[in-house]
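Presented below is the structure to which this report refers.
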Amino acid sequence: MKEQIEKLARFGAATIHEALGKIGDLPPQIKPLNKAMRIFGTAYPVKLKAFMNINLHRAYAYAQPGDIIVADCSGGYEAGYWGDLLTAGAMKRGIGGLVIDGCIRDADEIEALGFPVFCRGLCIKGTGKDTEGSLNEPITIGDVCIRPGDIIVGDRDGVVVVPKERLAEAVEKSAAREAKEAAVRHRLNNGETSLQIYGWDKTYGF
């Protein structure tokens with residue numbers, strides 16, 4: 001599976017999303033802390049009680065090396081759920097990154113460490129330690145269900161979730177889409193318009 005995930009990670013998140021029939025896109029507010037960050041790996045889903053982060057401490061301790069912690073904050077977006085100390089602990093355990101439907105803090109330190117984080121933004125507000133929630137069980141962010149072992153791929157455009165049983169299909173269809181777009185790009189560079197290439201000039205009478 002690791003080899004297949006690495007093959008999939010060569011494609012952009014938008015390409016994968018389109019190739020699988022426009023599924024798996026997390027809310028567009030979730031973006032990389034640094035625009036150059038990319039993330040890929042198997043999901044370790046975590047549900048937090050709003051404004052509580054103890055389950056993130058548990059998650060990085062229990063997740064497997066290479067896993068991506070994917071956190072649902074129960075709608076409590078405006079808190080700094082993750083910071084430099086959690087990052088240090090997660091990196092020591094080999095965690096592959098964090099996708100969180102909420103905010104984080106200690107941004108400069110996290111960027112300097114090079115740990116990929118995708119979040120809604122930054123917030124200095126602290127959190128408590130209520131354990132309500134779940135670890136490594138399915139969660140929902142936006143309208144996407146994330147299950148343990150599903151594949152996460154993220155880049156500057158956003159984050160896509162690929163069902164684990166569709167990994168091979170995602171690689172194949174993403175490659176086919178890339179090849180198709182390369183052919184279109186060649187025709188555009190030779191002077192045709194997208195209206196001509198896709199036949200929209202005739203379909204819509206342009």
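Some values worked out for this structure:
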quantity: Condition check for Ile30: touching a Pro at 6+ places or on another chain (Cβ under 9 Å) and at pLDDT 95 or above; calculated: no
quantity: Residue satisfying condition, being at pLDDT 95 or above, aromatic (Phe, Trp, Tyr) and not in a loop (DSSP other than H, G, I, E, B), within set Tyr77, Tyr44; calculated: Tyr44
quantity: Which numbered condition Thr87 fails, given (1) crowded, with 22+ Cβ neighbours inside 10 Å; (2) within 14 Å of the chain's Cα centre (by Cα); (3) polar (S, T, N, Q); calculated: (2)
quantity: Restricting the range 11-37 to residues that are farther than 16 Å from Arg166 by Cα and hydrophobic (A, V, I, L, M, F, W, C), the residue that is surrounded by the fewest Cβ atoms within 10 Å (Cβ to Cβ); calculated: Ala36
quantity: Odd one out for Gly66 among (1) touching a helix residue (DSSP H, G or I) at 6+ places or on another chain (Cβ under 9 Å); (2) crowded, with 20+ Cβ neighbours inside 10 Å; calculated: (2)
quantity: Residue list for the range 49-75, filter: small (Gly, Ala, Ser) and within 19 Å of the chain's Cα centre (by Cα); calculated: Ala59, Ala63, Gly66, Ala71, Ser74, Gly75
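The values are calculated or read from the model by the stated rules, or taken from the named source; none is laboratory data. These numbers come from a predicted model, not from an experiment. Cβ coordinates were reconstructed from backbone atoms using ideal geometry, including for glycine residues, and neighbour counts include every protein chain displayed.
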